[in-house]
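Shown next, in structure tokens, is the structure this report addresses.
Any read-out appearing in this document is the output of simple, stated calculations on the displayed coordinates, not a laboratory observation. Quick caveat, the model's predicted, so the values are computed rather than measured. All Cβ positions, even for glycine, are placed from backbone atoms using ideal geometry, and neighbour counts span all protein chains on display.
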Amino acid sequence: GALAGGVGNVAGEAISKGVSKVAGAFNKKPATIAADELPALKQAAYDRAEAAGVMFGGDVTKSLRDRVAGELADFGYHPKLQPGVAALMDELDTLAGQNVTLKGLDTVRKMAGNAYIPGNKANNALASKITSAIDDVIDSAPAMAGDSQAGASALREARDYASRSFKLDKINDAVDTAERRAASTGSGGNVNNATRQNLRRVFEKGRNWTPDEAAAMETAIRGTPGQNALRLAGKLSPSGNGLMAALGVGGAMVNPAVGLLSLGGMGAKALADRGTTENIRKVTDAVLRGGLKVPPTKNAVQRLAESKRDALVRALMAAGIYAAP
């Protein structure tokens, strides 16, 4: 009875998950924007923002400069210590008291993004404060002309598309660079390691990753336990190591089993490389969806298989007990 209970529980869980997985293959994939559509979508959104005809008055730009100056003073800002912000403050001083279009204000916001200096945390924190202050103006300040709500909405959409394009470019560059580096060194078989290393640099230097994008990037960089086991076994592959290639040829001449071991290593390496490629695809899918990892909706067969798991376990346990001597 004890044995039947344990086996029945494991078997019931396995059968339920197996049926659910097979049924899930028939689910419709969530909609994803194609990468080559992003430039046109971004430009269309920027065009709508400009067509809204938004104009902010001099009182708004003066209030913006005064708010930023106050926050920087409280922070202990010094132009020599935070040089990226210095040019930005000069621009805000020039703009204060002047009328400005929505596009003009967004240009200043882009300057705040470009003020980022790797390693200078104080400078970057102040640049973020300025970005937030400009966003508050765009989202809530009264405009002297135009449809401010429509303009702000279109501008946020354009920035979202621009952010997706930027992240995809960085990821694609990392993969391409890894392939070139692997091809130019050794036997050209170390592309998996090179790809993971490049993705790590992109992830660490990047900003504004969403939680789902960050989780997908971590998986692509670290790999799953199964993928890492395959990568370890793949070290026996002659395609990734010149020494292993020589040992494989020489060993096979003495003992055919060595040749089989090398073939097994080649297979493991191919599967590990494929796993990394699939992980990268999941990262790019999350980016293309606007930073969301959208799980497919479970169909009726999946829901039925999962809901009947306990009943299946009980049936298997009963069958085991009945069959026991």
Fill in: Tensor-based shape of the stretch 124-185 (alpha-carbon gyration tensor, a/c under 1.5 rounded, otherwise prolate or oblate)
oblate
Practice prompt. Please list the non-local residues whose amide H lies under 5 Å from the amide H of Ala145, H modeled 1.01 Å from N, same-chain partners needing a gap of 5 or more.
Written response: Met55
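At a threshold of 8 angstrom on Cα-Cα distance, excluding pairs fewer than six apart, so keeping six or more, what relative contact order does the stretch 104-202 reach in percent?
Working: 52 pairs, mean separation 15.5, N = 99.
Here the relative contact order equals 16 percent.
Suppose every K and R has +1 on its Cβ and every D and E has -1 on its Cβ; what is the size of the dipole of the stretch 20-156 about the Cα centre, in Debye to the nearest 20?
The calculation lands at about 640 debye.
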Worksheet item: Is the shape of the stretch 172-235 rounded, prolate or oblate, going by the alpha carbon gyration tensor and its root eigenvalues a ≥ b ≥ c, with a/c under 1.5 for rounded and a/b larger than b/c for prolate?
Response: oblate
Worksheet entry | HN-Hα J in Hz across the stretch 196-211 - Karplus 6.51, -1.76, 1.60, θ = phi - 60°, x for Gly and Pro | 4, 5, 5, 5, 4, 5, 4, 5, 6, 7, x, 10, 6, 6, 6, x
Worksheet item: When ranked by the protection proxy of mean other Cβ atoms within 10 Å per residue, highest first, what sequence do the peptides 66-77, 91-102 form?
Response: 91-102, 66-77
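Would the stretch 33-74 count as rounded, prolate or oblate if I go by the C-alpha gyration tensor, calling it rounded below 1.5 in a/c and otherwise prolate when a/b exceeds b/c, oblate otherwise? Provide the component values of the computation, followed by the final result.
On the way: a/c = 7.98, a/b = 2.04, b/c = 3.91.
Oblate, because a/c is 1.5 or more while a/b does not exceed b/c.
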Worksheet item: Dimensions of the stretch 88-203 along principal axes (Cα, Å, largest first)?
Response: 65, 31, 17
